[in-house]
Amino acid sequence: MVDGSRCISYFTIELKDQLIPDKMKGQFEGWMFGCDICQDVCPWNRFSKPHNDIDFTPVPEVLNFSTKQWEEMTEEEFKRYSASRR
Ligand code: SF4
């Protein structure tokens, strides 16, 4: 059973115009932008096929970022790194 009200992806991606509730702070085990462990363990995902969409491939520059670099990233930098690479 997945308790969506405690979902890390919800709080770090979907919750746009609100702050993360204090009771959830420190509960994310280092996850900063989603989690998706449920996707890794979901038995239905054994039917999934690898994609070939460049926009879903990791941005090489950020793969080795430290927690400090993520915490200090500006919104402009985030937009630059997450911009479409088509
Ligand atoms: S595993 Fe991660 S993404 Fe999936 S429901 Fe739990 S917190 Fe959310």
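Here are the numbers for this structure:
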quantity	calculated
Residues (under 23 Å from L63 (Cβ atoms) and open to solvent by 80 Å² or more (accessible area, probe 1.4 Å)) located in segment 8-35	E29, W31, M32, F33
Given (1) at pLDDT 85 or above; (2) within 24 Å of F78 (Cα to Cα), number of the condition Q18 does not satisfy	(1)
Residues (open to solvent by 100 Å² or more (accessible area, probe 1.4 Å) and of a type in the set (A, V, I, L, M, F, W, C)) located in segment 52-63	F56, L63
Test: residue in segment 17-25 that is in a loop (DSSP other than H, G, I, E, B), within 16 Å of the ligand (Cβ to nearest atom) and in contact with a Phe, Trp or Tyr (Cβ under 7 Å, 6 or more places away or on another chain)	yes
Exclusive hit being open to solvent by less than 80 Å² (accessible area, probe 1.4 Å) and within 16 Å of the ligand (Cβ to nearest atom), set S66, S82, S5	S5
Residues located in segment 23-40, provided they are within 13 Å of the chain's Cα centre (by Cα) and on the phi > 0 side of the Ramachandran plot	E29, G30, G34, D36
Residues located in segment 60-84, provided they are of a type in the set (A, V, I, L, M, F, W, C) and at pLDDT below 85	A83
Residue in segment 36-51 that is nearest to the ligand (Cβ to nearest atom), counting only those that are open to solvent by 90 Å² or more (accessible area, probe 1.4 Å) and assigned to a loop (DSSP other than H, G, I, E, B)	H51
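The values are calculated or read from the model by the stated rules, or taken from the named source; none is laboratory data. What you are looking at is a predicted structure, and each value in this text was computed from that prediction instead of being measured. For neighbour counting, all protein chains shown are included, and Cβ atoms are generated from backbone atoms with ideal geometry for every residue, glycine included. We work out accessible area using only protein heavy atoms, side chains counted, and drop any ligands, DNA or RNA first. Shrake-Rupley method; radii C 1.70, N 1.55, O 1.52, S 1.80 Å.
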